[in-house]
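Notes for the one structure printed next.
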Amino acid sequence: MKEIKTLIIEDEVIIAESIKIHLLKMGLENIRMTHDRISAIRVIDEWNPEIVLLDIHLENEDDGIYLGKLLQKKEIPYMYITANTDTSTILKVLETKPVAYISKPIRFNEFAVNLSLLINKNSKKNAQVFTLSNGTEEIQFYENELKYLRSNGNYIEVHLDSERKIIRNTMDNCLSEIPSSKVVRTHRSYAVAINRIQKITNNIVFIQNEQIPVSRLYLSALKELVASDKK
């Protein structure tokens, strides 16, 4: 996830830097910033960002709306960040079909949820679909929206970016249906998506704002697998 090309378009430098800090906390590192319409168009054309965070009002009142329409044509997922929540602004926003819309001042929890939606929208473009089945029912989800699996009694909870799905099954059966290069067991009751791991300690895996337990049985193999995946 850290390699996702992320563009911030915000005319206030301090706010842009604050947004960047939020993105880094979420595990995104490939970030560029621009502060006006002309430079934003150039970066969009030359760099081809995968997701965009866009202020509605830049130098001119409708610059953000213009850029939103451009991103819509290019099919680049984006969300608006703005201090304007009046009806006329919201109506203009809806016409450009952003993935999300959040208001300033930015609240991290709200930001994190909407950023996950944005990442999820981008990841679905070419993502593999996984199917878990128990013979009578099945659930499907995209590869890049998976965070982790949790065994809870006779059920498996599939934790995704924007929702949680549940199916009656065992962890072993579910892991047999997902490529071993995509998920790794960390505990009797947990398995995590390898590409979502941010940090590993002796007993915890960090995935965004969540902490997943690691048992000693799986720790060594987990560290080796993650190290190999990053080479």
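No value in this document is a laboratory result; all are computed from the given coordinates. Please read all numbers here as calculations on a predicted model, not as lab measurements. Counting neighbours? That spans all protein chains shown, and the Cβs are built from the backbone with ideal geometry, glycine included.
The alpha-carbon positions of segment 129-230 define a convex hull whose volume is 93 Å³ per residue. Between 0 and 90 degrees, the angle of helix 13-25 with respect to the longest Cα principal axis of the chain falls at about 10 degrees.
Rounded to the nearest Hz, the phi-derived 3J(HN,Hα) couplings of segment 179-185 under the Karplus curve 6.51 cos²θ - 1.76 cosθ + 1.60 (θ = phi - 60°) are x, 5, 6, 9, 10, 9, 6, where x marks glycine and proline. Ranked from largest, the principal axis spans of the Cα set of the chain equal 58, 37, 30 Å. Against the chain, whose longest principal axis comes from its Cα atoms, helix 63-74 is set at around 50 degrees. Rounded to 0.05, the FRET efficiency of the Ile38 and Leu117 pair, given R0 = 22 Å and the Cβ-Cβ distance, is 0.15. Once you sort the root eigenvalues of the Cα gyration tensor of segment 6-123 as a ≥ b ≥ c, which label holds: rounded (a/c under 1.5), prolate (a/b larger than b/c) or oblate (the other case)? Since a/c stays below 1.5, the shape of segment 6-123 is classed as rounded.
Out of all Cα-Cα pairs in segment 46-101, roughly what percent, to the nearest whole number, are more than 19 Å apart? Everything past 19 Å amounts to 18 percent.
Starting from the coordinates of the alpha-carbon atoms of segment 174-215, obtain the Kirkwood hydrodynamic radius over all distinct pairs and give the value in Å to one decimal. Kindly include the intermediate steps, with their values, before the conclusion.
Details: mean 1/r = 0.0951 Å⁻¹.
One decimal place: 10.5 Å for the Kirkwood radius.
Using a Förster radius of 30 Å, what is the FRET efficiency between Glu95 and Trp47 based on their Cβ-Cβ separation? Nearest 0.05, please.
Working: r = 26 Å, r/R0 = 0.86.
Efficiency for this residue pair is about 0.70.
First measure r as the distance between the Cβ atoms of Gln140 and Lys74, then evaluate 1/(1 + (r/R0)^6) with R0 = 30 Å and state the FRET efficiency to the nearest 0.05. Here the calculated transfer efficiency is 0.60.
Its relative contact order, with pairs defined as Cα atoms under 8 Å and 6+ residues apart, puts segment 110-231 at 16 percent.
Any chance you could give the angle, 0 to 90 degrees and rounded to 10, that helix 37-47 forms with the longest Cα principal axis of the chain? Approximately 40 degrees, to the nearest 10.
May I ask what percent, to the nearest 5, of DSSP beta bridges between residues of the chain are antiparallel?
Values: 29 of 45 bridges.
Counting DSSP beta bridges with both partners in the chain, the antiparallel share is about 65 percent.
Note on Asp161, Asp63: ascending count of other Cβ atoms within 10 Å places them as Asp63, Asp161, the fewest first. Using C-alpha pairs below 8 Å separated by at least 6 residues, the relative contact order for segment 6-123 is 23 percent. Net charge in the neighbourhood of Ile139 (other residues with Cβ under 12 Å of its Cβ; Lys, Arg +1, Asp, Glu -1) is -2.
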